[in-house]
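Scroll down for the structure; my scribbles are underneath it.
Any read-out appearing in this document is the output of simple, stated calculations on the displayed coordinates, not a laboratory observation. What you are looking at is a predicted structure, and each value in this text was computed from that prediction instead of being measured. With ideal geometry, Cβ positions are generated from the backbone for all residues, glycine too; neighbour counts draw on all protein chains shown.
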Amino acid sequence: KGKKFSYFPSVALAWNMKKESFMKSLEAIEELKLRLSYGRTGNQGIPPYSSQEVYANVYYSFNQSGGMKPSSVLKPGIIEQYNVGLDLGLLRNRITLSVDAYFKKTFDLLLSKPLDYSMGFASMMYNSGSLENKGLEFVLNTVNMSHRNFSWTSSFNLSFNRNKVLDLG
């Protein structure tokens, strides 16, 4: 109860600097745009009925009997991400460059924690732990030749990504 739905806001802003009066005289620059965004999402991949307190059958091997155990009550993990980007188009967009930087943090990961076998089961799912991802991405596109019957384009990309486990509970 109270863990089935949540609020996940996001916002994105872009400033097309090429449309500003101080950029109009620069004819070689076709596009110059700065982008910023923030978003928060949830993990939808939790097993069915995990947000409800239910009981599961269990077999206790140490005394050859059975019983019931409370199953885990899970909530969706939360992911927050910040992005900043720049788009540049030169020479009637024959050369375009996009640069993106991002920072993403994940909270309340779904992890299976081992338990003592005397409890009657080996593990239980918990919301625990956090991760951090950050990186840079570059994409360069060029139109090398463009004729009526033939065109040649190139695309290059380069990415740097750093993942870090912050907490495993």
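Report the calculated FRET efficiency for ASN149 and ARG92 (r = Cβ-Cβ distance, R0 = 35 Å), to the nearest 0.05.
0.95
So, in nm, how far is label TRP15 from label ALA122 when the simple model puts each one 7 Å beyond its Cα toward the Cβ?
Taking the simple label geometry, TRP15 and ALA122 are separated by 5.6 nm.
Quick one: net charge around GLY129, please, counting Lys, Arg +1 and Asp, Glu -1 for every other residue with C-beta under 13 Å from its C-beta.
Local charge sum for GLY129: 0.
List the pairs from LYS19/LYS105; LYS75/LYS164; LYS75/LYS134 whose alpha-carbon separation is above 32 Å, in the order I gave them.
LYS19/LYS105, as the Cα separations exceed 32 Å there.
Subtract the Cα-Cα distance of PHE22 and SER6 from 0.36 nm times their separation in residues, and report this length gain in nm to one decimal.
Full extension of this stretch gives 1.4 nm more.
Explain nothing, just compute: Karplus ³J(HN,Hα) = 6.51 cos²θ - 1.76 cosθ + 1.60, θ = phi - 60°, for every residue of segment 11-28 in order, whole Hz, x for Gly and Pro.
Couplings: 8, 9, 10, 9, 10, 8, 5, 4, 7, 7, 4, 6, 9, 4, 6, 8, 6, 5 Hz.
Summing +1 for each Lys or Arg and -1 for each Asp or Glu, what net charge is found among the other residues whose Cβ lies under 13 Å from the Cβ of LYS164?
On the way: positive: LYS104, LYS105, LYS134, ARG162; negative: GLU132, ASP167.
Residues close to LYS164 contribute a combined charge of +2.
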